Amino acid sequence: MVEFRNVSYTYPNGQQALSRINLKIEDDEFVFVVGANGAGKSTLIKLLLRELTATEGEVTVNGFNLSSMKQRNIPKLRRTIGVVFQDFRLIPNMTVYDNVAFALRVIDAPTKYIRTRVPYVISLVGLTQKAKSYPNDLSGGEQQRVALARALVNDPQLIIADEPTGNVDPARSFEIVDLLKSINEECGTTVLMVTHQHDLVRYFGGRIININTGAVVFDEIIGGADEAK
Ligand code: ADP
């Protein structure tokens, strides 16, 4: 669960990026966050990951109060969140399998668990046949599916996808969102997806949060075109 209560954020140079944000995202929800460049979307994500701390108000994520939490608990918070970036951020000299396993190895997960969990999430994103391939031998859409597997491998409560389709060709973008949707539905993972692609938002519908100059200007559920099929 994500909650922003009267949250504002002002950068040290005096630039206010967010002003009095109130938001509640329940477990199991899938939300699109939209808004122009400079609207405050990245700042919102940085607050969720506790890369920044609200200058006013309170942010709660997965039971952690981010405004009052101790520095040493930040890794615990981050283990409850999987992040997918526009530029994939895969390690080029590691296979698909190792890119995904790496996320578990760094937290010293038991080898036995890694050996069952990694193939499972790779199969969830449909890449079993590519497990031994290297990122550069994959298409943009496939690389993003690897990044998604890596985000999922820790079984996070929340997935933050920051323009995950920005470097994927348009037809494949729909597949990435479909995959996020099915993970949301089947695993009960909360998904917050930032996007600029209005066609995706219109097609899938659901809860749309529009941020404009640091404020929430629209937060509603709309019907999607895929429901009309
Ligand atoms: P978005 O992700 O929607 O493009 P941002 O959250 O990056 O928006 O930016 C929100 C506002 O904060 C903008 O006015 C931007 O110029 C400003 N901003 C972003 N990062 C910094 C920073 N490090 N220092 C000062 N101002 C910043």
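Just so you know, all these numbers are worked out from the coordinates, no wet-lab data involved. Because the structure is a prediction, the values reported are computed rather than measured. Counting neighbours? That spans all protein chains shown, and the Cβs are built from the backbone with ideal geometry, glycine included.
For segment 118-164, the square roots of the Cα gyration tensor eigenvalues, ordered a ≥ b ≥ c, give a/c of at least 1.5 with a/b no greater than b/c, which places it in the oblate category. Hey, how many Å between the Cα centroid of segment 53-77 and the Cα centroid of segment 78-156? That distance is 27 Å. The distance between label points at D199 and R89 comes to 2.8 nm (points 7 Å beyond Cα on the Cα→Cβ vector). Take every Cα pair under 8 Å whose residues are at least 6 apart in sequence, average their separation, divide by the length of the chain, and the relative contact order is 27 percent. Which one, G166, Q71, M193, is farthest towards the positive end of the dipole of the chain when Lys and Arg carry +1 and Asp and Glu -1 on their Cβ? Towards the positive end, the residue furthest out is Q71. Counting pairwise Cα distances across segment 12-52, what percent come out greater than 17 angstrom? Above the 17 Å cut-off, segment 12-52 has 38 percent of its Cα pairs.
Using just its DSSP H runs of length 4 or more, each adding -39500 (n - 2.57), the chain gives a mean residue ellipticity at 222 nm of -10000 deg cm²/dmol after division by all residues. Across the chain, Cα-Cα pairs farther apart than 21 Å form 56% of the total.
Size descriptors for segment 71-127 (Cα atoms only): Rg and Dmax, in that order, 12.5, 37 Å. For segment 1-87, the gyration tensor built on C-alpha atoms gives a rounded shape. Its axis ratio a/c (a ≥ b ≥ c) stays under 1.5. In a simple Cβ point-charge model (Lys, Arg +1; Asp, Glu -1; nothing else charged), the chain has a dipole of about 880 debye relative to its Cα centre. Springs join every pair of Cα atoms under 10 Å in this Gaussian network model of the chain, and among R50, R105, R78 the largest mean-square fluctuation is at R105. Given an 8 Å cut-off on Cα distances and at least 6 residues of separation, report the relative contact order of segment 82-198 as a percent. Across segment 82-198, relative contact order equals 36 percent.
Rounded, prolate or oblate: pick one for segment 100-229, where a ≥ b ≥ c are the square roots of the eigenvalues of its C-alpha gyration tensor, a/c under 1.5 means rounded, and failing that, prolate if a/b is larger than b/c, else oblate. The shape class here is prolate.
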